[in-house]
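**Student:** This is the structure I have questions about; it appears just below.
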Amino acid sequence: MNKIEVGVFYILSAVIVLYIAIELIELIYQFGKAIIEHDETSDRLLVTKAQTNKVLPVFFNILIAIELIDTFNVYIKEHHIKVQSILLVGLIAIGRKLLILDIGHADGMSNIGLAAIILSLSLGYYLVKKPAK
């Protein structure tokens with residue numbers, strides 16, 4: 001059973017590495033396109049806000065995938081999942097969500113929900129990271 005589990009994690013890791021490669025190509029493409037197709041009406045020097053909104057989610061997708069690979073590697077070596085890694089993936093994912101969300105047009109309950117998630121993940125990360133006395 002242990003060999004099957006390790007095999008599955010290697011397959012998942014390979015899929016995530018392939019996903020990271022594709023997302024890197026997408027990131028380079030989107031960023032290059034943003035620089036080449038400069039909007040003259042924008043007050044920004046190189047990349048407009050709309051173009052940034054296309055590039056940043058891809059960047060955060062790559063960070064999340066890298067953290068997932070790290071979590072898989074720890075699990076394969078030590079046979080336990082680090083809570084700190086899971087909380088970090090959650091914080092990165094919610095940060096990505098905040099960057100692409102137009103908070104001004106979201107309803108109040110969504111904003112309160114996001115705030116609760118951020119506070120919960122941050123408090124959890126702090127408690128896990130805090131040195132024991």
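The values are calculated or read from the model by the stated rules, or taken from the named source; none is laboratory data. Source: prediction; values computed, not measured. In this analysis, Cβ positions are derived from the backbone assuming ideal geometry, glycine residues included, and neighbour counts consider all displayed protein chains.
**Student:** Across the range 43-90, which residue is farthest from SER120 (Cα to Cα) among those that are of a type in the set (Ser, Thr, Tyr) and modelled with pLDDT of 80 or more?
**Tutor:** Per the stated criteria, the residue is THR71.
**Student:** Go through (1) at pLDDT 80 or above; (2) touching a Pro at 6+ places or on another chain (Cβ under 7 Å) one by one and return the number of the condition ILE100 breaks.
**Tutor:** Among (1) at pLDDT 80 or above; (2) touching a Pro at 6+ places or on another chain (Cβ under 7 Å), the lone unmet condition for ILE100 is (1).
**Student:** Do we find that LEU87 is aliphatic (A, V, I, L, M), under 30 Å from GLU5 (Cα atoms) and out of contact with any strand residue (DSSP E or B) (no Cβ under 7 Å at 6 or more places or on another chain) in this structure?
**Tutor:** So LEU87 passes the test.
**Student:** From the set of residues in the range 91-112 that are assigned to a helix (DSSP H, G or I) and more than 24 Å from PHE59 (Cβ to Cβ), which is nearest to the chain's Cα centre (by Cα)?
**Tutor:** ILE112
Quick grid of which residues meet (1) within 25 Å of SER13 (Cα to Cα); (2) over 11 Å from the mean Cα position of the chain (by Cα); (3) among the aromatic types (Phe, Trp, Tyr); (4) surrounded by 14 or more Cβ atoms within 10 Å (Cβ to Cβ):
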position	(1), (2), (3), (4)
ILE62	yes, no, no, yes
ALA115	no, yes, no, no
LEU123	no, yes, no, no
TYR126	no, yes, yes, no
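**Student:** What are the residue pairs meeting all of these: first residue in the range 1-21, first residue closer than 19 Å to LEU63 by Cα and surrounded by 12 or more Cβ atoms within 10 Å (Cβ to Cβ), second residue of a type in the set (Phe, Trp, Tyr) and modelled with pLDDT under 90, Cβ atoms under 8 Å, and 6 or more apart or on different chains?
**Tutor:** Hits for this filter: PHE9/PHE72; PHE9/TYR75; LEU12/PHE72; SER13/PHE72; ILE16/PHE72.
**Student:** Same structure again: Please count how many residues of the range 27-42 are modelled with pLDDT of 80 or more and either surrounded by fewer than 16 Cβ atoms within 10 Å (Cβ to Cβ) or more than 23 Å from LEU98 (Cα to Cα) (or both).
**Tutor:** 5
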